[in-house]
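The values are calculated or read from the model by the stated rules, or taken from the named source; none is laboratory data. Being a predicted model, the structure only gives us computed values, none of them experimental. Ideal geometry is used to build each Cβ from the backbone, glycine not excepted, and the neighbour counts take in all protein chains shown.
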Amino acid sequence: MNKYIYLRRNMKNIIFDLGNVLVNFHPRDFVDKHVLEEKREKIFRLILQGEEWQKLDRGTITQQEALESFLRKMPEEKETICKIFPIYLTDCLSPNQENIKLVYELKKRGYSLYVLSNFHKNLFEKIEKEWGVFQQFDGKIISCYHHFLKPEKEIYELLFKTYQINPEESVFVDDSLENIEMARELGVLGIHLPIREELSKKLSFLLER
């Protein structure tokens, strides 16, 4: 049997990451837009590459606690930090319309759809409320509510257990190869989606049934 026919017949679940899959996320552009050139690199490292970002994803600190931590580490940049940190909620994210259209198409074709993503609580609650696409999903596991992060095995297993998902009947799409490799170890068909690659081409074998 042709491999793609086999996959099309046997795959029942499609699991999506959010950032750089369904959600456009370009933090460099955000910092470049709002921060003076001579300060950009240190502000980027502080806010977007520091430990606070992962703790927000894990749900172990609040947005206010993260802000206070940034100010302790870089008090001389209080004005810049207080200016940009609150508005990343509105300026850092936008919907990937092409990939979101694909979600609707896959739902019409009978697949069960899920979200598995590392995401901040405030950010996720904003887009879940404002973007209608989330009504298409049969379930979701978001890191900040469960205190695990991809690629930790526990967050994948939590998704499978919560929604009675058979990994061998599932496709997972993520922009991080590390996250994909863990999914593959657990029996999922992992599809790596680097930035600027077309998701519709990657999932074309699922659109023919």
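Across the stretch 72-101, what is the total count of residues that are more than 30 Å from LEU199 (Cβ to Cβ), loosely packed, with under 15 Cβ neighbours inside 10 Å and not charged (D, E, K, R)?
3
With the requirement that a residue be part of a helix (DSSP H, G or I) and either touching a strand residue (DSSP E or B) at 6+ places or on another chain (Cβ under 9 Å) or modelled with pLDDT under 95 (or both), what does the stretch 134-147 give you? Break it down stepwise before answering.
Of the residues in the stretch 134-147, the ones part of a helix (DSSP H, G or I) are 134-136, 143-146.
If the condition is that a residue be part of a helix (DSSP H, G or I) and either touching a strand residue (DSSP E or B) at 6+ places or on another chain (Cβ under 9 Å) or modelled with pLDDT under 95 (or both), then PHE134, GLN136, SER143 are the ones that fit.
Can you tell me which condition ASP32 does not meet? The list is (1) on the phi < 0 side of the Ramachandran plot; (2) in contact (Cβ under 8 Å) with a residue 40 or more places away in the chain, and all the others hold.
The single condition ASP32 does not satisfy is (2).
Could you give every pair whose Cβ atoms fall below 6 Å, whose first residue belongs to the stretch 178-204 and is closer than 21 Å to ASN99 by Cα, and whose second residue is hydroxyl-bearing (Ser, Thr, Tyr), counting only separations of at least 6 or pairs across chains?
From the stretch 178-204, the pairs are VAL188/SER170.
Which of the residues that make up the stretch 150-186 are of a type outside the set (Asp, Glu), in contact with a helix residue (DSSP H, G or I) (Cβ under 9 Å, 6 or more places away or on another chain) and surrounded by fewer than 19 Cβ atoms within 10 Å (Cβ to Cβ)?
Within the stretch 150-186, PRO151, LYS153, LEU158, ASN166, LEU186 meet the criteria.
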